[in-house]
Amino acid sequence: MNLKLQNIIDATKGSLISRGSQEFSGVSIDSRAVKNGEVFVAIKGAHFNGNNFVFDAVKKNGAKCAIVQEGIKPEMLSQLRDVSIIKVADGVDALCDLATWWRTNFKIPCVGITGSNGKSTTKEMVASIASVCGDVLKTEGNYNNLIGLPLTVLRLRNNHKVAVLEMGMNAKGEISKLTSVSNPDVGVITNITAAHLEKLNSVEGVAKAKGELFENMRKDGVVIINEEDPWVKKLGSKYKGRKITFGMQNSCDIKFLNMQSIGLETTNLMVSILGKERLVKLPIPGTHNVMNAMAAIAVGVALNISIDDILKGLIEFSPMSMRFERVQLSNGVCLINDSYNANPLSMKAAFRTVGAVKRSGRFIAVLGDMLELGEQSSDLHKDVGREIVRSGADLLYTYGKRAHDIARGAIKEGLDHSSVNETEDIEELGVKIEKEIRAGDVLLVKGSRGMKMERVVEHLKHNIGCG
């Protein structure tokens, strides 16, 4: 990276407090991880304040520029004479503005992906497909927000051929800003469902917030439309540029024909791609992942990648950790670690996938709270409880206060009280499950990110072992 001082000032509209170094090799928001010659952006959050660590970033790790939103004490400035200091109104806004400017230096195609469910898996599928073009820049981990996405964009280099960026949000206006930063050529909204209702109040509110992607994309781009989702169809109908559709309708550009699930490992999907029937081998089960794959195929078409290369990329796709990750325990139990996150739709999709698989033992569900569901939380948890019974679960373990309503819904749907176990103690939960499970059982572990349900998985892997 070759970032000049004047570039930063112009992009952020900041005020130069102290002039020192003129060129910089990178950008960081972590005073502990910033490298010699880089820019340190001080972010002020609810529980931390990067402005308190400017001195550490400079003196301990060699940062040569600091972007701050609070004044620097005169006695500190005297010790930072060779460092450029720029004052801005807001650190996060400055980071976004800097990334927005950096993006303008590259003509490579960018794919922006959002949605209530499946955006991470779709992102990984798209990145695998796009890798046939060369080096791909993609969102790593949870770097999909107003801090993570700009940092990802600032990693763009001339060797990259495609950028694949995931866009997350929990409030209106965030997707709009992320779209401005990334300036995507291709936009994907996987689906719209009940998620983040605490701030957005309704599914319609979610649709409006996610729809900011299509609304703010430039008109010479391409949007990918899920024809099975009425909200996405409605949002897509307003876009004036090119559209590529996927789903089960005859008019779809990427049309589902049939599928065959092979246990919990793979799916054979027959699909029509622009009128050509092809077999797609997916190394992941579930109807919901079929939809993710068709969205990814549509992106490949938008990027003018050949059908053969699209299919090759999908075969080489590797599922992400904690997203329907299959773990074989030494005692013969198949553990499905889907603990990365959860909302009502993703819960139900996981139930149906596990419930449809032939197994010699029982279907045991270990479910944590679904967070950020607002006033509808109780009803949505009860509905999930009813669905787990309809999907054939034999035993249910719940963890958390809200998950109590999952248990209530399951019992009302007909699951016997003796088959339902509730706790708010994660260690107790792990011990109970360890004693219960036996060879042939399929164990699904799922909950919202804040519940950290992977602790159950780690307990079982540590105490039972993998084999």
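Bear in mind these aren't lab numbers, they're just calculated from the coordinates by the rules spelled out. Computed from a predicted model, the values in this text were never measured in an experiment. Counting neighbours? That spans all protein chains shown, and the Cβs are built from the backbone with ideal geometry, glycine included.
So, by mean Cβ neighbours within 10 angstrom, what's the order for 237-243, 85-91, 406-412 with the highest one leading? Please list the in-between numbers first.
On the way: 237-243: 12.7, 85-91: 18.9, 406-412: 21.7.
Packing order, densest peptide first, comes out as 406-412, 85-91, 237-243.
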- Query: Modelled label-to-label distance, Lys13 and Lys44, 7 Å Cα→beta-carbon offset: nm?
  - Reply: 1.8
- Task: Would you please put 176-184, 423-431 in order of how densely packed they are, using the mean number of other Cβ atoms within 10 angstrom per residue and starting with the highest?
- Result: 176-184, 423-431
- Query: Calculated FRET efficiency, Glu375 and Asp416, Cβ-Cβ r, R0 22 Å, to nearest 0.05?
  - Reply: 0.10
- Query: Non-local amide H neighbours of Lys138 (under 5 Å, H modeled in plane, Pro and chain starts lacking H): which ones?
  - Reply: Val164
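For the chain, how big is Rg over Rh, using alpha carbon atoms and the Kirkwood form of Rh? Walk me through the numbers before you get to the answer.
On the way: Rg = 24.0 Å, Rh = 23.8 Å.
That ratio is 1.01, to two decimals.
Kindly provide the trypsin sites (Lys or Arg not before Pro) of the stretch 188-233 that DSSP labels as loop, not H, G, I, E or B, and whose Cβ sees at most 12 other Cβ atoms within 10 Å. Let's see the in-between values first.
Details: sites: Lys199, Lys208, Lys210, Arg218, Lys219, Lys233; in loops: Arg218, Lys219.
Sparse-neighbourhood loop trypsin sites (Lys or Arg not before Pro): Arg218, Lys219.
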- Task: Just check the stretch 325-464 against the gyration tensor rule for me: Cα atoms, a ≥ b ≥ c as the square roots of the eigenvalues, rounded for a/c under 1.5, and otherwise prolate or oblate depending on whether a/b exceeds b/c.
- Result: prolate
- Item | Set of lysines with alpha-carbon distance to Lys240 below 19 Å, sequence-local pairs under 8 removed | Lys208, Lys210, Lys219
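Once R0 is set to 60 Å, what does the formula 1/(1 + (r/R0)^6) return for the Cβ-Cβ distance between Asp394 and Ser21, expressed as a FRET efficiency to the nearest 0.05?
Once rounded, the FRET efficiency stands at 0.40.
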- Please determine, in degrees from 0 to 90 and to the nearest 10, the orientation of helix 119-130 with respect to the longest principal axis defined by the Cα atoms of the chain, where the helix direction is its Cα long axis. 70
- Message: Given the DSSP H assignment, sum -39500 (n - 2.57) over each helix run of at least 4 residues in the chain and divide by its residue total; what's the result at 222 nm in deg cm²/dmol, nearest 500?
- Response: -10000 deg cm²/dmol
- Arrange the following residues from fewest to most other Cβ atoms within 10 Å of their Cβ: Lys432, Lys348, Lys276. Lys276, Lys432, Lys348
- Under 15 Å from the Cα of Lys255 - aspartates and glutamates, other chains or at least 8 residues apart: Glu227, Glu228, Asp229, Glu277
- Task: Pop out the ³J(HN,Hα) list for the stretch 254-271 in order, Karplus 6.51 cos²θ - 1.76 cosθ + 1.60 with θ = phi - 60°, rounded to Hz; leave Gly and Pro as x.
- Result: 10, 10, 5, 10, 6, 8, 9, 7, 10, x, 9, 10, 9, 9, 9, 10, 9, 9
- Please state the charge dipole magnitude for the chain, taken about the Cα centre, from unit charges on C-beta atoms (+1 on K and R, -1 on D and E), reported in debye and rounded to the nearest 20. 1000
- How large is the dipole of the stretch 254-318 about the Cα centre if only Lys and Arg carry +1 and Asp and Glu carry -1, each at its Cβ, rounded to the nearest 20 debye? 140
- Message: What are the extents of the Cα atoms of the stretch 3-96 along their three principal axes, in Å, largest first?
- Response: 32, 27, 25
- Task: For the stretch 287-300, just list the computed ³J(HN,Hα) in residue order, Karplus coefficients 6.51, -1.76 and 1.60, θ = phi - 60°, integers in Hz, with x standing in for Gly and Pro.
- Result: 4, 4, 6, 4, 5, 4, 5, 5, 4, 5, 4, 4, 5, x
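Just check the stretch 116-268 against the gyration tensor rule for me: Cα atoms, a ≥ b ≥ c as the square roots of the eigenvalues, rounded for a/c under 1.5, and otherwise prolate or oblate depending on whether a/b exceeds b/c.
Numbers: a/c = 1.37, a/b = 1.06, b/c = 1.29.
Rounded.
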- Message: Using +1 at the C-beta of Lys and Arg and -1 at the C-beta of Asp and Glu, which of Cys334, Ala365, Val457 has the Cα lying farthest in the positive direction of the dipole of the stretch 325-464?
- Response: Cys334
